[in-house]
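Undergrad: Can you keep this structure in mind? I'll have questions shortly.
What follows is calculated from the coordinates using simple rules that are stated; it is not laboratory data. Predicted model only: the values in this text are computed from it and were never measured. Here Cβ is always computed from backbone atoms with ideal geometry, including for glycine, and neighbour counts include all displayed protein chains.
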């Protein structure tokens, strides 16, 4: 152990760790749960520190020799080389002060080591005076939250949704000629094609994806430069714009200065907005995954209209059982994301005066939702969708046995007579054709000509 000092006195810190006194105090004071800060968030925060290092050097506020070591240390954090030095859970100060200081201390001590100094001495690099120069926890944490969310969306969720939509569209094309019975209210309805059904799933994903994309306008605004309460105290004029420009260079993405830093610190409406869009995606995926597992139910005593790939044994007691595990995984993820949205909605509403103090929870939860959805979509696409096949034998049997084909007769004999045919067939366990002929409402030739399932999957052809 080594001795370090902070404003409250002396603290013993593990010798091999780059963090310092404030991190150690937080580690001892907040032993709550197992929810640690996501790696994406740590990387984003180190990116902010790297940008600040460059900007402060350009403004003449930071010595170039120190800046070089600080930037190298920040790069090591960004690369994930120092992950073992971030031990704090999210259950801490609602501003995230302890996390911000954890990053400051790690970068400072690593920079001291690079410069040949003694770790923990705060010389020649100080975690507050140098690494945290012209910054506050209150503006850096929301800045990192937005950066991490945008990078995760663009680098993880966007490609996963693109692949998912493409896979659904490919299935829609492959299944376009397979006519099946539709279902409404969990009861038989008029026919459609399996391709049309899958096209609906593709459209849901596309719409949800568009909704997420719409949130980038507000997510791209950064709070940096607001410092403690939004006024920019301890920064130089133009610091905020220079920071955003540097963050853009480092990240490769386009961010802008927040239009109002008071709102950016005191509220997190952009995160709430994003969470709502992610919840919409979760609702769509829940519907799609549930439909897939219902259509694959059986295989002999359920609907059995889809065959799913056999990825693993489904039961520890029933030999040969295969379960729709990918669908079940997706639906569990959707439940978590919907719950996360409730958490984010509550946390986002809790800003008091100049600061929202639920920042660590917001950062953890929004990034968890993005990661879960991205991973779930990628897995479902690869492990389920690509291997789905149509069970055309069962599809045809269900179609031929359906009473709702009688709908095709409405325009020929009227609703009431068609309903009488359907009810007679149902009550007497007859086919539609048998019931229709017995009632004498049409002959066999007419039934064959009028009841054609493939013609029921589209509007009637216009005739002049």
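Undergrad: How high is the relative contact order of the stretch 228-358, in percent, with contacts defined as C-alpha pairs under 8 Å that are six or more residues apart?
TA: Values: 121 pairs, mean separation 39.8, N = 131.
With pairs under 8 Å counted, the relative contact order is 30 percent.
Undergrad: Rounded, prolate or oblate, given the Cα gyration tensor of the stretch 402-457, with a/c below 1.5 counting as rounded? If you can, show how the numbers build up before the last one.
TA: On the way: a/c = 1.43, a/b = 1.32, b/c = 1.09.
Rounded.
Undergrad: I would also like to ask the following. May I ask you to order 349-356, 286-293, 23-30 by the average number of other C-beta atoms within 10 Å around their residues, highest value first?
TA: On the way: 349-356: 15.0, 286-293: 19.9, 23-30: 17.6.
Peptide ranking by packing, descending: 286-293, 23-30, 349-356.
Undergrad: Pairs of Cα atoms under 8 Å, at least six residues apart: use those to get the relative contact order of the stretch 402-457, whole percent. Intermediate values should be presented prior to the final figure.
TA: Numbers: 45 pairs, mean separation 19.9, N = 56.
Result for the stretch 402-457 is 36 percent.
Undergrad: Same structure, new question: Given a cut-off of 32 Å, what percent of all Cα-Cα pairs of the chain lie beyond it? Numbers along the way, then the final one.
TA: Details: 57181 of 107416 pairs.
The proportion of pairs with Cα distances above 32 Å equals 53 percent.
Undergrad: Please report how far the C-alpha centroid of the stretch 297-315 lies from that of the stretch 171-244, rounded to the nearest whole angstrom.
TA: Between the Cα centres of the stretch 297-315 and the stretch 171-244 lies a distance of 31 Å.
Undergrad: Note the full-extension length gain between residue 416 and residue 61 as 0.36 nm times their separation in residues minus their Cα-Cα distance, in nm to one decimal.
TA: So the extension gain works out to 119.2 nm.
Undergrad: Which of rounded, prolate or oblate describes the stretch 225-280 when judged by the alpha-carbon gyration tensor and an a/c cut-off of 1.5? Don't jump to the answer; show the numbers that get you there.
TA: Numbers: a/c = 3.62, a/b = 1.37, b/c = 2.64.
Since a/c reaches 1.5 but b/c is at least a/b, the shape of the stretch 225-280 is classed as oblate.
Undergrad: Decide, for the stretch 258-354, between rounded, prolate and oblate: order the square roots of the alpha carbon gyration tensor eigenvalues as a ≥ b ≥ c, take rounded if a/c falls under 1.5, and otherwise choose prolate if a/b is larger than b/c, else oblate. Before the final figure, lay out each step's value.
TA: Values: a/c = 4.75, a/b = 3.42, b/c = 1.39.
Because a/c hits 1.5 or more and a/b exceeds b/c, the stretch 258-354 counts as prolate.
Undergrad: Tell me the mean residue ellipticity at 222 nm calculated for the chain from its helices only (DSSP H runs of n ≥ 4, each -39500 (n - 2.57), averaged over every residue, nearest 500). Before the final figure, lay out the partial values.
TA: Working: 18 runs with 255 residues, N = 464.
Using -39500 (n - 2.57) per qualifying helix, the result is -18000 deg cm²/dmol.
Undergrad: Roughly what angle does helix 194-213 make with the longest principal axis of the chain, taking Cα atoms, 0 to 90 degrees, to the nearest 10?
TA: Helix 194-213 sits roughly 20 degrees off the main axis of the chain.
Undergrad: Could you please rank 253, 268, placing first whichever residue has the fewest other Cβ atoms within 10 Å of its Cβ?
TA: Details: 253 14, 268 28.
Neighbour counts put them in this order, fewest first: 253, 268.
Undergrad: On to the next question. Binned at 10 Å from 0, what are the whole-percent values of the Cα-Cα distance distribution for the stretch 2-133, short to long?
TA: 14, 47, 33, 6, 0
Undergrad: Using a 10 Å cut-off around each Cβ, can you sort 300, 458, 110, 43 from fewest to most neighbouring Cβ atoms?
TA: Working: 300 7, 458 10, 110 23, 43 20.
Least crowded to most crowded, the residues run 300, 458, 43, 110.
Undergrad: What's the center-to-center distance, using Cα atoms, between the stretch 55-123 and the stretch 407-444 in Å?
TA: Measuring centre to centre over Cα atoms gives 79 Å.
Undergrad: Residue 113 to residue 322: FRET efficiency via 1/(1 + (r/R0)^6), r the Cβ-Cβ distance, R0 51 Å, to the nearest 0.05?
TA: 0.40
Undergrad: I want the antiparallel fraction of DSSP beta bridges within the chain, as a percent rounded to 5. Mind dumping the intermediate values first?
TA: Working: 16 of 18 bridges.
About 90 percent, rounded to the nearest 5.
Undergrad: Run the quick spin-label model on residue 249 and residue 174: label points 7 Å from Cα toward the beta carbon, then report their separation in nm to one decimal.
TA: 4.8
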